[in-house]
1. Which of the residues belonging to segment 195-225 are in a strand (DSSP E or B) and aliphatic (A, V, I, L, M)?
2. Of the residues in segment 29-49, how many are touching a Gly at 6+ places or on another chain (Cβ under 8 Å) and at pLDDT 95 or above?
3. Scan segment 147-159 and tell me whether some residue there is at pLDDT 90 or above and hydrophobic (A, V, I, L, M, F, W, C).
4. Collect the residues in segment 154-194 that are surrounded by 14 or more Cβ atoms within 10 Å (Cβ to Cβ) and outside any strand (DSSP E or B), keeping them in residue-number order.
5. Which pairs do you get when a residue that is without any contact (Cβ under 8 Å) to a residue 24 or more places away in the chain, found in segment 105-122, comes within reach of a residue that is not hydroxyl-bearing (Ser, Thr, Tyr), reach meaning Cβ atoms under 6 angstrom, with the pair 6+ apart or on two chains?
6. Could you please give the count of residues in segment 196-219 that are in contact with a Lys or Arg (Cβ under 8 Å, 6 or more places away or on another chain) and either surrounded by 14 or more Cβ atoms within 10 Å (Cβ to Cβ) or small (Gly, Ala, Ser) (or both)?
7. Considering segment 63-77 alone, what residues qualify as being of a type outside the set (A, V, I, L, M, F, W, C) and either modelled with pLDDT of 90 or more or surrounded by 10 or more Cβ atoms within 10 Å (Cβ to Cβ) (or both)?
8. Any residue in segment 127-146 that's at pLDDT 95 or above: show its pairings with residues that are crowded, with 17+ Cβ neighbours inside 10 Å and assigned to a loop (DSSP other than H, G, I, E, B) at Cβ separation under 7 Å, as long as the two are six or more apart or on different chains.
Amino acid sequence: MRTFYLVLALSLGASAPASVLAQTTPALPITPTQTPPSKVEITKSTLFKLGTGLTRGFEWGGYSGLAVPVVLGVEHHLTPAISLYGNLFGGLNIGRRSDYNQSLLRTIGADAGVRYYYNQEKRKEKGRATGPFVGNYFALQTTSSFYSNHPQNSLNEAYRYQYDNTSLSLLWGAQRRVGKHGLFDAYVGAGLENPQFISYRNGYPEYKRQLGIKAAIGVKISLIP
């Protein structure tokens, strides 16, 4: 009987450290699986453009021939829906008559404005093109242009650019990407303009400016980075 109690005591003593160890040993922390950060899509807020089309600077016909516009522009988004833009343009003489002496750029000018791209969310829900610089828009634009001309009674002097007119227009348009490096922009609208009129009194010309309504329409194709 004593032998039985001795064996029982020894077995309890041997198992005690193991149980204590099991109770006091801290569990290893579970390391969470680290996932790589998701890629954040970065969109450009400024876009540069080099284009041409049926817009300011285009002339066809008449004694002076054909002039094709060259437009250098930039557009910057202030918000996803609102952008500011500016353009420098010139009418490049490429089809003039051989006996017609004219400067390389028949007209030059600049315009600036603000655009509001509307219904972006609705277009996205319908699966239509959306995003920066893409969509239908309303714009308020001002434009000033100059034309090349000889100084009066000085046909042998170089051409100079003289002020032509300034306009303020409200436009409705649509801008779309064409491939990776193309941009299509079309617009219509109307506004106020101050063209110059010539009248004669006693055989002498009089130059006056009169504010009037001017329609605006244009189509441009541009290269973009």
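The values are calculated or read from the model by the stated rules, or taken from the named source; none is laboratory data. Keep in mind that what you see is a predicted model, and the values were worked out from it rather than measured. Cβ coordinates were reconstructed from backbone atoms using ideal geometry, including for glycine residues, and neighbour counts include every protein chain displayed.
1. So in segment 195-225, the residues in a strand (DSSP E or B) come out as 196-201, 204-209, 212-223.
Within segment 195-225, 198, 213, 215, 216, 217, 219, 221, 223 qualify.
2. In the first step, residues of segment 29-49 are kept if they are touching a Gly at 6+ places or on another chain (Cβ under 8 Å); the result is 43, 48-49.
Remaining after also requiring at pLDDT 95 or above: 48-49.
Final tally of qualifying residues: 2.
3. No - not one qualifying residue is present in segment 147-159.
4. Matches in segment 154-194: 159, 194.
5. Nothing qualifies.
6. 2
7. Filtering segment 63-77 down to residues of a type outside the set (A, V, I, L, M, F, W, C) leaves 63-65, 69, 73, 75-77.
Answer for segment 63-77, where residues must be of a type outside the set (A, V, I, L, M, F, W, C) and either modelled with pLDDT of 90 or more or surrounded by 10 or more Cβ atoms within 10 Å (Cβ to Cβ) (or both): 64, 65, 69, 73, 75, 76, 77.
8. Final answer for the pair search is 143/56; 145/56.
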